[in-house]
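The values are calculated or read from the model by the stated rules, or taken from the named source; none is laboratory data. None of these values were measured; they are calculated from a predicted model. Positions of Cβ are generated from backbone atoms using ideal geometry, with glycine treated the same way; all protein chains shown enter the neighbour counts.
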Amino acid sequence: MKRPDEEGARRAPSPGTRPPRRAPRVGVLSLQGDFDRHRASLEPLGVEVVRVTLPRDLAALDAIVLPGGESTTLLRLLEATGLRDPIHAFVRERPALGTCAGLILLARECRPLPAPPLEVLDVAVERNAYGRQIDSFSAEVETSVLDGPFLGVFIRAPRIRRLGEGIEVIARHRGEPVGVRSGRTVGLCFHPELTSDSRLHRWFLGEVAGLDVPPARGPAPAAAASPGGRGTGEDHP
Ligand code: GLN
């Protein structure tokens, strides 16, 4: 039994007191690819990270991250798990960040793929356009949305070959677009989760998704200038 004063307090909060706000809830598609590294970038920003493997995992998410992996496999797994339609509906309405294969999933055009991509970001991308695994590299990326360059880790990365109308380029490497935004949808050719620099995750949550994230403290981490403690040596597709 609740005490009457407890009930009363809940029904009529005294002026100035707000109910505690829940932490923003961000899903990371976890069919294949780097769930843990995205989680490690997101959790320190005060969000609850949800592993998305089934349609029901999308309930009550404020935003979603589609990680890297192998886009052909991801598309097949989306079909097999029944996630394709619910994810499609989600990314049409809600904030989404796609990294590498995640960008391919969000793009309007990319061929050949076993199924059409989700087509919410009006760009054409070419898969593996920097070469093979051995041609993977890290390089400084210029961004228009951060206070300084960002270290981009490119692993069998796609290249953006066409920009549709209304697509904002938010990152470039050697003048070429490697990060794009259209409204609440963001796609990156590289892997921000593979450095310990969470500025792009923070920007996505705060500026793109409009979620409450604590303000950045101090200068960008040293790892902005090197691949950082979390390493880059994984065998990505
Ligand atoms: N080469 C992969 C593809 O085409 C993407 C690689 C990645 O996500 N790191 O799907």
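Quick notes on this one:
- Here Thr195 fulfils each of the conditions (1) in contact with a helix residue (DSSP H, G or I) (Cβ under 7 Å, 6 or more places away or on another chain); (2) away from the ligand (no atom under 16 Å from the Cβ); (3) at pLDDT 95 or above; (4) not basic (Lys, Arg) apart from (2).
- Of the criteria (1) within 13 Å of the ligand (Cβ to nearest atom); (2) of a type outside the set (D, E, K, R); (3) assigned to a helix (DSSP H, G or I), which one His88 fails: (1)
- Any chance Arg162 is without any contact (Cβ under 8 Å) to a residue 40 or more places away in the chain, basic (Lys, Arg) and surrounded by fewer than 16 Cβ atoms within 10 Å (Cβ to Cβ): no
- Within the range 117-164, the set of residues being in contact with a strand residue (DSSP E or B) (Cβ under 7 Å, 6 or more places away or on another chain), among the charged types (D, E, K, R) and farther than 24 Å from Ser198 by Cβ comprises Glu119, Asp122, Glu126, Arg159, Arg161, Arg162.
- Verdict on Ile104 being of a type in the set (Val, Ile, Thr), within 10 Å of the ligand (Cβ to nearest atom) and assigned to a helix (DSSP H, G or I): yes
- Checking each residue in the range 107-124 for being without any contact (Cβ under 8 Å) to a residue 60 or more places away in the chain and within 15 Å of the ligand (Cβ to nearest atom) picks out Glu109, Cys110, Arg111, Pro112, Leu113, Pro114, Ala115, Pro116, Pro117, Leu118, Ala124.
- Test: residue in the range 130-141 that is surrounded by 15 or more Cβ atoms within 10 Å (Cβ to Cβ), touching a helix residue (DSSP H, G or I) at 6+ places or on another chain (Cβ under 8 Å) and among the aliphatic types (A, V, I, L, M): no
- If only residues of the range 59-84 that are within 20 Å of Arg184 (Cα to Cα) and of a type in the set (Val, Ile, Thr) are counted, the one that is surrounded by the most Cβ atoms within 10 Å (Cβ to Cβ) is Val65.
- Scoring Val120 on the criteria (1) surrounded by 20 or more Cβ atoms within 10 Å (Cβ to Cβ); (2) over 16 Å from Leu66 (Cβ atoms); (3) β-branched (Val, Ile, Thr) leaves a single failure, condition (2).
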